[in-house]
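Here's the structure we're looking at; comments come further down.
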Amino acid sequence: MLQHKKYNSIVLLLLPPVILFFAIVSLSGFSKNNIKTEDPVHLAAHIDSLVKYRTYYPFIHYEKNYIEWFGAEGISNFFHKVSQTGSRKLKILHIGDSHIQADIPSGFVRERLQEAFGYGGRGLVFPFKAAGTHAAYDYKTSCSGKWGYSRNIQRDYHYDMGLVGATIHTGDSTASFKLVFREGYIRENFTLLKIYCKQDSLSFDLKVKTSPNEAPVYVDCNDYTNSKPYVVLKMAKATDTLEVFVNKTEAKQNFFECYGLMIENDEDRGVLYNSTGINGAGYVSLLRQHNFAQQLNELSPDLVIIDLGANDFNARGYNDAAMESNLVRIINMIQDSAPEAAILISNAQDIYYRRKYNVAQCKDFMQMTKRVAQKHNCAFYNYYTVSGGLRSMDQWYKNGLARKDKVHLSAPGYYIRGELLLNAMLNSYVMWLQYQSDTLIAEQHIIDTLELKKYFDEEINFKTVAAKPTPLAATNHEDNDPVESDVTYYKIRKGDNLGAIAERFGVRTSQLQQWNALSGTKIIAGATLVIYKKSNASAPVKVPEKPSGTKPTNESATMPTQTARQATTKKSYKVVSGDSLWSIAKKFNTTVEKIKQLNGLKTDRLNINQILLIP
């Protein structure tokens, strides 16, 4: 019989284990309880060897996949704190919209960070059923009685909101709500429960049941000595089922108001990754959360990720000045409430409005977020460019990575989104270890082609249509303007000179200068050169030798056209109720053993909504 079991089986089938942010637990003297500092160069080499991508898509700019910063304060404090997770919790707050409410990309980040650095807790959760919407992928919610609610997308809202962006309220003394977590997501040390609520003499108290067979625990919501924005319950043991009942203990009590629940370990260690997404939310929505600053101050996060904004202009005109003003207000609120936190600003990938009209203003939005990040000393993730830029959503959709609305992604697409974010963190940490630089600009540290190849399991080439570069000066040399070309990114090594590099790749020194905006022949080790090979070049072009151990590549077979690529891509199938491996194998004219081998299955048991690759 099919069971709704641990959802990350889908993750494991769609993507192999992604080595995450600093995930070098056993290789470099790191341990979950005692992370030691080693030689930065040696450590960086280990981390770099762990960057992996499951599949290459030519429209994604892997070579630019970094977290950027424009001043030392933008990220350094956060990088330093990661090494302390054995003795203090590393707290992250990821604020988003509909891409985050289901928690698939952010949950993927949470799980892998905690695998590497310890399980600090599940983080913020919410009884979304009582608020008229859905929960995250790893738990379900239900409720009874009469509940009112506010969500931050509502212009006319009745109740104050905090970190989550939603609030539930009841005057029904018989009301309750329930959270049930999928198997495997609540760890044995998750025994600390915080219930964010309005503490008032008129508030109902609570009864909390952690097991059907155990007596409820009574919680006082009228403790005037409590200065925290929540009440605390230390559970005897961790549980995957929480049922909360309002409990009228005095005649005057007439309401209960809840802003969310926090599930943690009862120790100061590990990673506590909180994701708070509300469908349809934007900058304006976040500014409606009047309890946000108070709750953020108490949380005291080490990193706040601002990952929303497209809903402020998707169906409306884009107002750059208004968008910037609201983002700056949010940054100021975070910096005032959590001055030690690093702030990472992300942006939206290419989207469509009502499936028909490309929202070209996504590029304006990207430029605005970068400008604000630079001005206010925040870290910056250029997800718009990395994910492909203008009209790349067509490619995401054609490859099964986006839904028909061309706004939201499919489950595989969201895992790739999470993979990109994690590898951006990893790449940036490598650069930080190597150079301890006050800045990191992606365009100045493009990952060269040879390095990129080692991050993929499949054999690939990087044949693409290159954008025509802007020349430094007018020229009459027609062959200086590459249009149809193979592009190579070459990282300058110690001892290189521009003439030798030009000879190696069969181009002229003047071309290298033009393509890379060089006024002279001086180059710097560690920087990256863009090198084009014209498709109509008459002379043979020398290309770098492949690293030892790589297999010969038949370029005509690896990726000559999109059609050929699709022909070599295996099908995927979502498991539905009543399916078995035998019935699926019969449907696709294959065998049970082939499906199990391709998907790494050790048993015949399947889960509803599980994604299988079909040979």
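Only the coordinates and a few stated rules stand behind these numbers; no lab work does. Because the structure is a prediction, the values reported are computed rather than measured. A quick note on method: Cβ atoms are made from the backbone with ideal geometry, for glycine too, and the neighbour counts reach across all protein chains shown.
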Q. Taking the mean number of other Cβ atoms within 10 Å as a proxy for protection, how do you rank 294-306, 326-338, 421-433 from highest to lowest?
A. 421-433, 294-306, 326-338
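Can you tell me the FRET efficiency between Glu115 and Asp320 if r is taken as the Cβ-Cβ distance and R0 is 51 Å, rounded to the nearest 0.05?
On the way: r = 41 Å, r/R0 = 0.80.
My answer for the efficiency is 0.80.
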Q) Which value, in debye to the nearest 20, gives the size of the charge dipole of the range 121-267 about its Cα centre, when Lys and Arg are +1 and Asp and Glu are -1 at the Cβ? A) 340 debye
Q) Can you pull the three principal axis extents for the Cα set of the range 320-427, in Å, largest first? A) 43, 32, 19
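Could you tally the net charge around Asn358, taking each other residue with its Cβ under 12 Å from the Cβ of Asn358, Lys/Arg +1 and Asp/Glu -1? Walk me through the numbers on the way to the answer.
Values: positive: Arg354, Arg355, Lys356, Lys363, Arg391, Lys406; negative: Asp350, Asp394.
Overall, the nearby charge balance is +4.
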Q) Where in the range 58-99 is the amide nitrogen less than 17 Å from a point lying 7 Å along the Cα-to-Cβ axis of Lys375? A) 70-71
Q.
Whole-Hz ³J(HN,Hα) for each residue in the range 372-387, computed from phi via Karplus 6.51 cos²θ - 1.76 cosθ + 1.60 with θ = phi - 60°, x for glycine and proline: what do you get?
A. 5, 4, 5, 5, 10, 6, 10, 6, 9, 10, 7, 5, 4, 6, 4, 6
Q: List the GluC sites (Glu not before Pro) within the range 173-277 that fall in a DSSP loop (any state other than H, G, I, E or B) and whose Cβ has at most 16 other Cβ atoms within 10 Å.
A: Glu183, Glu188, Glu214, Glu250, Glu267
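Taking the Cα centre of the range 570-614 as origin, work out the dipole magnitude from +1 charges on Lys and Arg Cβ and -1 charges on Asp and Glu Cβ, in debye rounded to 20. Numbers along the way, then the final one.
Numbers: 9 positive and 3 negative charges, 26 e Å.
Approximately 120 debye in magnitude.
Using the beta-carbon distance between Thr174 and Lys252 and R0 = 22 Å, what value does 1/(1 + (r/R0)^6) give for FRET efficiency, to the nearest 0.05?
Values: r = 18 Å, r/R0 = 0.80.
So the FRET efficiency works out to roughly 0.80.
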Q.
Using +1 at the C-beta of Lys and Arg and -1 at the C-beta of Asp and Glu, which of Leu450, Val430, Ile460 has the Cα lying farthest in the positive direction of the dipole of the range 410-460?
A. Val430
Q: Note the full-extension length gain between Thr521 and Ser583 as 0.36 nm times their separation in residues minus their Cα-Cα distance, in nm to one decimal.
A: 15.8 nm
Q: Kindly state, to the nearest 0.05, the FRET efficiency for Lys596 paired with Thr439, given R0 = 51 Å and r defined as their beta-carbon distance.
A: 0.55
Q. In nm, what is the difference between 0.36 nm times the number of residues separating Ser49 and Lys494 and their Cα-Cα distance?
A. 158.2 nm
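Subtracting the Cα-Cα distance from 0.36 nm times the residue separation, let me have the gained length for Lys237 to Glu267 in nm, one decimal.
Extra length from Lys237 to Glu267 when fully extended: 9.4 nm.
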Q | Computed label-point distance, nm, for sites Asn461 and Arg391 using a 7 Å Cα→Cβ extension | A | 2.5 nm
Q.
Strictly greater than 15 Å: what percent of every Cα pair in the range 193-258 meets that?
A. 50 percent
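Report, in debye and to the nearest 20, how large the dipole of the range 248-340 comes out about its Cα centre when Lys and Arg carry +1 and Asp and Glu carry -1 on their Cβ.
520 debye
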Q) Which percent of Cα pairs goes in each bin when the distances of the range 121-267 are cut into 5 angstrom slices starting at zero? A) 2, 10, 20, 24, 23, 14, 6, 2, 0
Q | Spin-label proximity, Ser142 to the range 191-215 - amide N less than 14 Å from point 7 Å beyond Cα toward beta carbon | A | 212
(Q) I'd like the trypsin sites (Lys or Arg not before Pro) in the range 236-280 restricted to DSSP loop residues with at most 11 other Cβ atoms within 10 Å, sorted by number. (A) Lys237, Lys252
Q: Decide, for the range 570-614, between rounded, prolate and oblate: order the square roots of the alpha carbon gyration tensor eigenvalues as a ≥ b ≥ c, take rounded if a/c falls under 1.5, and otherwise choose prolate if a/b is larger than b/c, else oblate.
A: rounded
Q) For the charge dipole of the range 121-267, defined by +1 on Lys and Arg C-beta atoms and -1 on Asp and Glu C-beta atoms about the Cα centroid, which residue among Asn254, Trp147, Ile186 has the Cα displaced farthest towards the positive pole? A) Trp147
